[in-house]
Amino acid sequence: MLIIKRRLLSKTTRKFDQTAKRLRCKNIPSLQEYVLIEQDKGEIQLFSRAHHWQSFYYYLGDRISFASLGISMAVEDIYERVDNEDVLSFLQQKQQDAWQSAS
């Protein structure tokens, strides 16, 4: 039984995953959530059956909840091992903010 489907978007698969693949997947009766994870920037798009397949966007600094799995996590945790400019910039800014708060 498939409950959640996640896709890592790239320049070559983005359009297909956002359209045809998503439309096919939402017809899977057990599927509750369809998740698109951007590879080149810190952005996640979540489609949820519970919300009539409406999309919700999450960015670095946000928390994302996967109701079908009963978990919530920081978007930055999903990108923990990703090495792209958006993620590195966010982590550097977060570190600078922490240093300024500590002083």
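Inspect region 90-101 for any residue being assigned to a strand (DSSP E or B), touching a helix residue (DSSP H, G or I) at 6+ places or on another chain (Cβ under 9 Å), surrounded by 12 or more Cβ atoms within 10 Å (Cβ to Cβ) and of a type outside the set (Phe, Trp, Tyr) and give the result as yes or no.
Initially, region 90-101 is screened for residues assigned to a strand (DSSP E or B), giving none.
Scanning region 90-101 turns up no residue that is assigned to a strand (DSSP E or B), touching a helix residue (DSSP H, G or I) at 6+ places or on another chain (Cβ under 9 Å), surrounded by 12 or more Cβ atoms within 10 Å (Cβ to Cβ) and of a type outside the set (Phe, Trp, Tyr).
Any chance region 45-67 includes a residue that's aromatic (Phe, Trp, Tyr), farther than 30 Å from Gln95 by Cβ, touching a strand residue (DSSP E or B) at 6+ places or on another chain (Cβ under 6 Å) and surrounded by 13 or more Cβ atoms within 10 Å (Cβ to Cβ)? Yes, that holds for at least one residue.
Give the residues of region 27-44 that are over 27 Å from Asp86 (Cα atoms) and surrounded by 17 or more Cβ atoms within 10 Å (Cβ to Cβ), sorted by residue number. Correct list: Leu31, Gln32. For beta carbons closer than 8 Å, sequence separation of 6+ or different chains, a first residue in region 79-103 that is within 23 Å of Gln39 (Cβ to Cβ) and a second that is polar (S, T, N, Q), the qualifying pairs are Val82/Gln39; Asn84/Gln39.
Taken together, the values in this text are just the output of simple stated rules run on the coordinates, not laboratory data. None of the values given here were measured: they were computed from a predicted structure. Positions of Cβ are backbone-derived with ideal geometry, glycine not excepted, and every protein chain shown enters the neighbour counts.
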